[in-house]
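Visitor: There's a structure below that I have some questions on.
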Amino acid sequence: WVRCTVRDGGPGFRSEDLPHVFEPFFSKRRGGTGLGLSIVQRILEEHQGVIRLRNHPEGGAEVTLLLPAVSSPVSTQHVDSLAS
Ligand SMILES: Nc1ncnc2c1ncn2[C@@H]1O[C@H](COP(=O)(O)OP(=O)(O)O)[C@@H](O)[C@H]1O
Ligand SMILES: [Mg+2]
């Protein structure tokens with residue numbers, strides 16, 4: 001897996017919001033569309049990936065994206081087929 005984790009310096013996810021944050025148009029942010037996390041989750045699913053949310057123990061919202069790593073023989077083959 002390739003893992004990308006980002007963490008912000010805000011108050012973190014509110015526990016009552018967490019069950020809903022991936023629902024399209026769910027937003028508790030002024031001016032929000034509620035589309036950000038639902039679109040990201042869709043993109044990850046389409047690439048057999050996973051998105052995980054939590055509040056960091058030392059504060060802030062933390063988002064982890066996991067994507068399956070392509071094994072090197074496949075990626076070599078892909079590069080070769082592009083070159084020929
Ligand atoms: N970094 C964050 N910290 C705390 N809550 C967040 C964070 N990102 C998203 N949320 C919660 O999830 C909801 C949905 O987020 P998102 O899909 O990005 O839509 P939007 O940003 O337009 O509200 C937010 O309205 C908020 O309640
Ligand atoms: Mg957002």
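The values are calculated or read from the model by the stated rules, or taken from the named source; none is laboratory data. Quantities reported herein were computed from a predicted structural model and do not represent experimental measurements. Note that each Cβ is placed from the backbone with ideal geometry, even for glycine, and that neighbours are counted across all protein chains shown. Accessible surface areas use protein heavy atoms only, side chains included; no ligands, DNA or RNA. Shrake-Rupley method; radii C 1.70, N 1.55, O 1.52, S 1.80 Å.
Visitor: For segment 60-70, name all the residues that are open to solvent by less than 30 Å² (accessible area, probe 1.4 Å) and either in contact (Cβ under 8 Å) with a residue 60 or more places away in the chain or more than 11 Å from Thr5 (Cα to Cα) (or both).
Guide: Across segment 60-70, the qualifying residues are Gly60, Thr64, Leu66.
Visitor: Starting from segment 30-48, keep only residues that are within 11 Å of ligand 1 (Cβ to nearest atom), then list their pairs with residues that are among the small types (Gly, Ala, Ser) whose Cβ atoms are within a distance under 7 Å, requiring at least 6 positions of separation or different chains.
Guide: Thr33/Ser27; Gly34/Ser27
Visitor: Restricted to segment 6-57, and to residues that are open to solvent by 70 Å² or more (accessible area, probe 1.4 Å) and in a strand (DSSP E or B), which residue is nearest to ligand 2 (Cβ to nearest atom)?
Guide: Ranking the candidates gives Val6 first.
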